[in-house]
1. For residues that are on the phi > 0 side of the Ramachandran plot and in a strand (DSSP E or B), tally how many sit in the range 58-73.
2. Cβ-Cβ distance below 6 Å, separation of 6 or more or different chains: which pairs start in the range 177-188 with a residue that is over 12 Å from GLU157 (Cα atoms) and end on one that is part of a loop (DSSP other than H, G, I, E, B) and at pLDDT 85 or above?
3. With (1) among the aliphatic types (A, V, I, L, M); (2) within 23 Å of the chain's Cα centre (by Cα); (3) farther than 22 Å from ARG155 by Cα as the list, and LEU82 as the residue in question, which single condition is left unmet?
4. Taking the range 15-38 as the search range and keeping residues that are closer than 11 Å to ASP95 by Cβ and surrounded by fewer than 11 Cβ atoms within 10 Å (Cβ to Cβ), which one is modelled with the lowest pLDDT?
5. Among residues belonging to the range 39-53 that are among the basic types (Lys, Arg) and farther than 15 Å from GLY26 by Cα, point out the one that is surrounded by the fewest Cβ atoms within 10 Å (Cβ to Cβ).
6. Sort through VAL99, VAL149, VAL128, VAL65 and tell me the only one that's without any contact (Cβ under 8 Å) to a residue 40 or more places away in the chain and surrounded by 17 or more Cβ atoms within 10 Å (Cβ to Cβ).
Amino acid sequence: MLRPDDQVLILRQPDRLTPRSVVLSGEVKFPGRYALERRDERLRGLLERAGGLTPIADSAGIVFVRTRDGVGRVGINLPNALRNPKAVDDLVLQDGDSVLIPPYSGIVTVSGSVNAPISLAYVPGADVDFYVRAAGGPSRSGDVSHAYVRQASGRVETVRRRPFFPDAVPQPGPGSKVVVPDKPPGGMSAWVQALPVIASIMGSVVAVVAILHK
């Protein structure tokens with residue numbers, strides 16, 4: 001029996017989850033809104049609950065969007081997450097996340113400062129330079145040394161030109177976009193900018209050789 005001025009405190013269950021959900025759409029067998037069952041439920045587990053991907057799914061083209069804290073789209077390497085249970089790309093899901101698995105697209109789009117912007121069939125193993133050449137090469141204002149690739153997953157990979165080592169040139173995947181930006185006004189090429197460094201190195205080499213021959 002309660003008496004006047006008594007206070008009743010009902011504690012919240014420590015392991016009880018507030019309702020949280022994730023929207024899963026596209027090329028999965030059972031798309032829809034899924035309630036998260038655990039605090040640490042991950043992307044791979046959710047896809048397994050949804051029956052897995054369809055035969056025409058493009059796992060590399062996943063569109064993962066996190067609305068919480070205004071994060072926006074997150075670049076995910078889903079093929080790696082599906083192969084490796086411990087992959088960092090197998091993110092812990094949060095309330096409001098949305099996951100879209102698009103159908104496979106065997107197209108690579110080349111745009112920006114190229115002579116003939118075009119969409120081409122994906123060629124396995126071909127790099128950025130291959131697709132830029134197929135688009136007629138860079139235009140007079142094109143800065144091919146700073147070309148970049150926006151992969152279907154949203155990840156952006158840039159070309160790294162290195163004077164004394166092989167260039168690091170990314171390989172566009174299916175559904176990706178290759179962009180050649182404009183040259184900065186009055187900008188110098190990477191080779192011209194490297195000339196002072198080259199001259200300094202050559203001067204040091206000559207000095208060492210002169211000392212050794214004394």
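1. Here is the first cut: in the range 58-73, the ones on the phi > 0 side of the Ramachandran plot are 69-70, 72.
Okay, now just the ones that are also in a strand (DSSP E or B), so 72.
Qualifying residue count, the range 58-73: 1.
2. Here the result reads VAL180/SER113; VAL180/ALA147; PRO181/ASP143; ASP182/SER113; ASP182/SER141; LYS183/SER141; LYS183/ASP143, each pair linking the range 177-188 to a residue that is part of a loop (DSSP other than H, G, I, E, B) and at pLDDT 85 or above.
3. Answer for LEU82: the failing condition is (3).
4. Within the range 15-38, the match that is modelled with the lowest pLDDT is THR18.
5. Kept after step one, since they are among the basic types (Lys, Arg), are these residues of the range 39-53: 39, 42, 44, 49.
Pick out the ones that are also farther than 15 Å from GLY26 by Cα and you get 39, 42, 44.
Working: ARG39: 10, ARG42: 17, ARG44: 18.
Once the filter is applied, the top-ranked residue is ARG39.
6. Working: VAL99 fails: without any contact (Cβ under 8 Å) to a residue 40 or more places away in the chain; VAL128 fails: without any contact (Cβ under 8 Å) to a residue 40 or more places away in the chain; VAL65 fails: surrounded by 17 or more Cβ atoms within 10 Å (Cβ to Cβ).
Matching residue, one of VAL99, VAL149, VAL128, VAL65: VAL149.
The values are calculated or read from the model by the stated rules, or taken from the named source; none is laboratory data. Just so we're clear, the structure is a prediction, and the values are computed from it rather than from any experiment. As a convention, Cβ positions derive from the backbone with ideal geometry for all residues, glycine included, and neighbour counts pool all protein chains shown.
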